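Novice: Pasting a structure below so you can have a look.
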Amino acid sequence: MAELILALDVPTKQAAHALVDDLKGKLAWCKVGLELFTSAGPSIISELKDLGFKIFLDLKFYDIPNTVAKAVSAACELGVDLLTIHCQGGLKMLTDAQESIEKYKALHKAAPNLLGVTVLTSFADGQMPGISQPIASLAYDLAGLAAKANLYGLVCSPNEVAKLKASYPMLHYLCPGIRPKGADIGDQNRISTPKEAILAGADFLVVGRPITANKNPRQALEAILTEMEEALQK
Ligand code: C5P
């Protein structure tokens, strides 16, 4: 059963609360990303957890292995459910980060699930500095590193999920770059509709502006949920 995660890409704690209050009862997951985490601080996570939300902390760690492993341990303390690191950090960074998760789990019985970001959905072929490899092939290579490091799953474009899942069925797949028909594409590039993403095999869809920038966020959320349910019945 695929799940929808709302990206709370808003500038303040107050804006985040106003949004989730409006969407109450329809949503199980929130994403806290760079903007909200930086402005509101870690307390936003406990506040959203107290409201009953599962938390995807999307800070996309990318640094030397020691630094990332320690940041992952610190994120475990926040009690989040999903956490991201960049696969481009390489095998040692991924392996050490996963080891931090496992150590924490052994001590505390629960830990976040770690997702490796393959290639940002805002990039199209030829746009990544210094990289001439086609993006789909680069995403495939990076997915191989995540699988080798025993990560829980991958963040990838909905356009790439079917091929990656066929090769790495043990991983879970979270797809951004979701745009319902007619929605503004903004800075995203490798996109699909909610229906296409579900049919391609996504386990989680993360959606921001098509809901948050809509005049009626609740209606936009409901329309996406209906589209997801219809696709799941196929
Ligand atoms: O507003 P929009 O639906 O484009 O938001 C997509 C969300 O997914 C953003 O919060 C963005 O940070 C995140 N994301 C992404 N591409 C990735 C990984 C995460 O767009 N590869």
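Since every read-out is calculated from the coordinates, none of them should be taken as a lab result. No experiment lies behind these values; they were computed from the predicted model shown. Cβ placement follows ideal geometry from the backbone for every residue including glycine, while neighbour counts extend to all protein chains displayed.
Novice: Among the chymotrypsin sites (Phe, Trp or Tyr not before Pro) in the stretch 33-125, which ones are in a DSSP loop with at most 16 other Cβ atoms within 10 Å of the Cβ? Mind listing them?
Specialist: 62
Novice: On a C-alpha basis, how far is the centre of the stretch 134-196 from the centre of the stretch 44-71 in Å? Whole number, if you could?
Specialist: 20
Novice: Which order do peptides 151-157, 22-28, 85-91 fall in by mean Cβ count within 10 Å, highest first? Walk me through the numbers before you get to the answer.
Specialist: On the way: 151-157: 26.1, 22-28: 13.4, 85-91: 21.1.
Sorting 151-157, 22-28, 85-91 by mean packing, highest first, produces 151-157, 85-91, 22-28.
Novice: Moving to a separate point now. Before rounding to the nearest 500, sum -39500 (n - 2.57) across all DSSP H runs of length at least 4 in the chain and divide by the residue total; then give [θ] at 222 nm in deg cm²/dmol.
Specialist: Working: 10 runs with 104 residues, N = 234.
Only helices count here, giving -13000 deg cm²/dmol.
Novice: Right, next: Give me the dipole magnitude in Debye, nearest 20, for the stretch 3-232 about the Cα centre, with unit charges on the beta carbon: positive for Lys and Arg, negative for Asp and Glu.
Specialist: 160
Novice: A further question on this structure: Simple spin-label model, 7 Å along Cα-to-Cβ: residue 50 to residue 187 in nm?
Specialist: 3.2
Novice: Also: Quick one: which of 168-175, 216-223, 113-120 comes out on top by average Cβ neighbours within 10 Å, and what's the full order, highest first?
Specialist: By packing density, highest mean first, the sequence is 113-120, 168-175, 216-223.
Novice: Within the stretch 51-116, list the trypsin sites (Lys or Arg not before Pro) lying in a DSSP loop whose Cβ has at most 14 other Cβ atoms in a 10 Å radius.
Specialist: Passing both the DSSP loop test and the Cβ count: 109.
Novice: Taking 8 Å as the Cα distance limit and 6 or more residues as the minimum spacing, I'd like the relative contact order of the stretch 3-232 as a percentage.
Specialist: It comes to 18 percent, rounded to a whole number.
Novice: Tell me which DSSP H helices of the chain clear both cut-offs, 18 Å or more of axial length from alpha-carbon atoms and a mean Kyte-Doolittle hydropathy of at least -0.5.
Specialist: 65-77, 135-148, 217-232
Novice: Then there's this: If you stretched the chain out fully between residue 148 and residue 162, how much longer would it get, using 0.36 nm times the residue separation minus the C-alpha to C-alpha distance?
Specialist: 3.1 nm
Novice: Can you list residues whose amide H is under 5 Å from residue 205's amide H, if they're 5+ apart or on another chain and H is modeled 1.01 Å from N?
Specialist: 3, 4, 5, 175
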